[in-house]
1. On the given criteria, is residue 80 surrounded by 15 or more Cβ atoms within 10 Å (Cβ to Cβ), among the polar types (S, T, N, Q) and at pLDDT 90 or above?
2. Could you tell me which residue of segment 85-118 is nearest to residue 20 (Cα to Cα), considering only residues that are touching a helix residue (DSSP H, G or I) at 6+ places or on another chain (Cβ under 8 Å) and outside any helix (DSSP H, G or I)?
3. Can you list residue pairs whose Cβ atoms sit under 8 Å apart, with the first residue in segment 50-61 being within 9 Å of residue 118 (Cα to Cα) and the second being part of a loop (DSSP other than H, G, I, E, B) and open to solvent by 30 Å² or more (accessible area, probe 1.4 Å)? Count only pairs 6 or more apart in sequence or on different chains.
4. Is there any pair linking a residue in segment 110-136 that is in contact (Cβ under 8 Å) with a residue 60 or more places away in the chain and closer than 20 Å to residue 74 by Cα to one that is exposed (fewer than 11 other Cβ atoms within 10 Å of the Cβ) and among the aliphatic types (A, V, I, L, M), with Cβ under 8 Å and at least six apart or on different chains, and which?
5. Would you check if there is a residue in segment 18-40 being among the hydroxyl-bearing types (Ser, Thr, Tyr), open to solvent by 70 Å² or more (accessible area, probe 1.4 Å) and in a loop (DSSP other than H, G, I, E, B)?
Amino acid sequence: MSNQTVTLNIPQPLYQQLKERAEQAERSVEDETLDVLASVVPSGGRLPDELANAVDSLRSLDDAALWNAARSRLPAEVSQELEDLHLKRQREGLSDEEERKVAELKRKYERHLLIRAQALALLKERNHDVGDLVSS
């Protein structure tokens, strides 16, 4: 597989996070950035079946249900646990079990964001003003 060169201007806070993650993993910032990028870009250009089915099912929802999905928030305990594990990773590292937990929580977070984004897109497609939700 051939490689392509991309130059990115990364905001300092994001770069610092990548640098800290790279140091924790004893990797280069470039390797860490590639790993992060690879983790969020679906392989083969397709969503995993579970996510694709969840997104597809939104089309059959009425507007009220879409508004509920678009306004939904990730449960606070999920966000807090993920943040706590990220902080622990930075301080002292994580066990294999904790790394698995981070991966599971990230999947929940990503699924939630995808559902919200798709619900917003469908509402906009149905000529609703979603500006308030997009800016919040």
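1. Working: surrounded by 15 or more Cβ atoms within 10 Å (Cβ to Cβ): no; among the polar types (S, T, N, Q): yes; at pLDDT 90 or above: yes.
Spelling it out, it is not the case that residue 80 is surrounded by 15 or more Cβ atoms within 10 Å (Cβ to Cβ), among the polar types (S, T, N, Q) and at pLDDT 90 or above.
2. At the first step, the residues of segment 85-118 found to be touching a helix residue (DSSP H, G or I) at 6+ places or on another chain (Cβ under 8 Å) are 85-86, 88-90, 93-94, 98, 101-102, 105-106, 108-111, 114-116, 118.
From the residues that got through so far, the ones that are outside any helix (DSSP H, G or I) too are 93-94.
Details: 93: 12, 94: 14 Å.
So, considering only residues that are touching a helix residue (DSSP H, G or I) at 6+ places or on another chain (Cβ under 8 Å) and outside any helix (DSSP H, G or I), the one nearest to residue 20 (Cα to Cα) is 93.
3. Final answer for the pair search is 55/47.
4. That search, which allows pairs on different chains as well, returns 110/40.
5. Initially, segment 18-40 is screened for residues among the hydroxyl-bearing types (Ser, Thr, Tyr), giving 28, 33, 39.
Right, trim to open to solvent by 70 Å² or more (accessible area, probe 1.4 Å) and you get 39.
Then keep just the ones that are in a loop (DSSP other than H, G, I, E, B); that gives none.
Checking segment 18-40: not a single residue is among the hydroxyl-bearing types (Ser, Thr, Tyr), open to solvent by 70 Å² or more (accessible area, probe 1.4 Å) and in a loop (DSSP other than H, G, I, E, B).
The values are calculated or read from the model by the stated rules, or taken from the named source; none is laboratory data. It should be emphasised that the depicted structure is a prediction, and the values quoted were computed from it without experimental measurement. Every residue, glycine as well, gets a Cβ built from its backbone with ideal geometry; the counts of neighbours run over all protein chains shown. Side chains included, ligands, DNA and RNA excluded: accessible areas come from the protein's heavy atoms. Shrake-Rupley method; radii C 1.70, N 1.55, O 1.52, S 1.80 Å.
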